[in-house]
Amino acid sequence: MGSLMSCISGQAPSASPPPVAKRRSSVSSRRGGGGGGAKAVAIDEEALAAAAALVLGQRSSFGGGGGGGGGAFERSASVRYAARRQQQQQGPPLPRSSSTRPRSLADPELHPQQLLAKDLNTKDLETNIIVLVHGGGFGAWCWYKTIALLEDSGFRVNAIDLTGSGIHSYDTNKISSLTQYAEPLTSYLKRLGDNEKVILVGHDFGGACISYAMEMFPSKVAKAVFLCAAMLKNGHSTLDMFQQQMDTNGTLQRAQEFVYSNGKEQPPTAINIEKSLLKHLLFNQSPSKDVSLASVSMRPIPFAPVLEKLVLTEEKYGSVRRFYVETTEDNAIPLHLQQGMCDMNPPEKVLRLKGSDHAPFFSKPQALHKTLVEIATMPPVKAS
């Protein structure tokens with residue numbers, strides 16, 4: 001999302017429409033050329049199967065709009081399709097992390113009990129409900145590893161599909177405001193009981209959405225976690241934030257594909273990301289099968305909410321404890337831009353995921369899980 005803002009930051013909404021970017025190919029660039037041949041095809045086939053299974057699982061587990069807490073979440077495709085992988089590749093099944101790369105020392109494979117104190121009971125926490133809010137173009141599907149790990153640790157987890165995202169059927173091009181885009185999240189919070197609180201986790205453009213929700217329902221949000229996300233000040237839009245530090249990398253400009261559903265004489269209604277640039281821009285440290293999953297699951301990013309300036313008050317938004325999680329190998333929202341947001345709008349604490357790209361739920365799932373558990377277990381601040 002950050003990359004997209006950098007691409008368009010030089011143009012005001014009322015100015016002439018930006019030039020149409022080159023249309024993208026419908027086939028992932030990983031399939032052509034290279035020495036990956038049969039192995040790449042096998043990985044892509046499994047990712048497609050995983051995407052279909054995830055969609056079916058989300059329909060029963062999370063519902064259409066708000067994110068209820070239904071049935072058990074499906075585990076990684078590398079576990080469910082291990083036998084077929086052995087037949088195709090004559091090799092051992094992938095580990096639980098679903099990664100095809102060697103595991104980094106910065107993201108060791110740990111069991112949930114190794115990440116928590118032995119005597120921890122999540123029911124004793126201020127809240128054990130964690131709500132995951134995806135970024136621009138993503139959907140609830142991107143959290144599948146995080147959901148499984150958190151649920152194994154005893155947390156109640158809900159992943160929200162924002163309007164026009166994931167399996168939410170609304171046309172992205174018709175979204176005209178941040179209020180409309182964040183409606184599934186605010187509806188979920190509205191349905192909570194008077195004494196129920198949650199931890200909000202917002203990724204990417206989801207940071208603006210959880211900020212909006214914090215202003216609306218401050219008493220229902222125990223903590224807010226900004227995961228390589230837009231953490232804005234009052235009166236700022238996501239576009240404003242990224243105008244302050246433009247990235248000169250030409251890849252960012254080439255990645256954008258504007259959609260003009262109202263005609264070329266009107267502002268863009270949505271933005272796509274060129275599929276051949278997805279890996280470099282968003283998933284430069286992520287497993288190949290997760291890149292394939294994203295390539296068949298990502299949807300356009302609505303343009304209007306990106307331009308909207310937030311109204312945030314110290315009494316409401318400012319009363320919620322905020323935490324920021326940095327990602328050091330992020331090509332979409334570079335580390336220096338993340339640090340700039342924290343300097344302008346300081347959170348209670350800044351944590352860091354070393355070696356993570358813009359999708360830590362793919363590239364560093366264990367480290368992300370450990371960080372979220374650390375934040376969740378921080379005791380409430382005593383009133384002075």
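The values are calculated or read from the model by the stated rules, or taken from the named source; none is laboratory data. Remember, predicted model here, so these are calculated numbers, not experimental data. So basically every Cβ, Gly included, is an ideal-geometry build from the backbone, and we count neighbours across all protein chains shown. When the accessible area is computed, the model is the full protein with side chains, heavy atoms only, and any ligands, DNA or RNA have been set aside. Shrake-Rupley method; radii C 1.70, N 1.55, O 1.52, S 1.80 Å.
Here's how it looks for Glu308: its modeled amide H is under 5 Å from those of Thr238, which are all 5 or more places away or on a different chain. What GluC sites (Glu not before Pro) does the range 266-355 have in DSSP loop regions with at most 16 other beta carbons within 10 Å? Of the GluC sites (Glu not before Pro), the ones in loops of the range 266-355 whose Cβ has at most 16 other Cβ atoms within 10 Å are Glu314, Glu315, Glu348. For the pair Gln253 and Lys233, label points projected 7 Å from Cα toward Cβ lie 2.9 nm apart.
When a/c is below 1.5 the answer is rounded, else prolate if a/b is larger than b/c, else oblate, so apply that to the range 127-377 with a ≥ b ≥ c taken from the square roots of the Cα gyration tensor eigenvalues. Because its axes are fairly even, with a/c under 1.5, the range 127-377 counts as rounded. The phi-based Karplus calculation (6.51 cos²θ - 1.76 cosθ + 1.60; θ = phi - 60°) puts the 3J(HN,Hα) values of the range 280-288 at 5, 7, 10, 10, 5, 10, 8, x, 4 Hz, whole numbers, x for Gly and Pro.
With all protein chains in place and a 1.4 Å probe, the accessible surface of the range 154-230 carries 46 percent carbon and sulfur. Note on Ser187: accessible area is roughly 30 Å² with a 1.4 Å probe, heavy atoms of protein only. Couplings for the range 199-216, taken from phi via the Karplus curve 6.51 cos²θ - 1.76 cosθ + 1.60 with θ = phi - 60°, read 9, 8, 10, x, 9, 6, 5, x, x, 5, 5, 6, 4, 4, 5, 4, 5, 7 Hz in order; Gly and Pro are left as x. Shape analysis of the range 237-384 places it in the oblate category; the axes a ≥ b ≥ c from the Cα gyration tensor give an a/c of at least 1.5, with a/b not above b/c.
Residue by residue, the range 327-334 carries 3J(HN,Hα) couplings of 10, 7, 10, 7, 8, 8, 10, x Hz when phi is fed to the Karplus relation 6.51 cos²θ - 1.76 cosθ + 1.60 (θ = phi - 60°); x denotes Gly or Pro.
The amide H of Thr163, built 1.01 Å from its N in the peptide plane, has Glu183 as neighbours under 5 Å, considering only residues 5 or more places off or on other chains. In this structure the range 127-377 gives 32 Å² per residue of accessible area when probed at 1.4 Å with all protein chains present.
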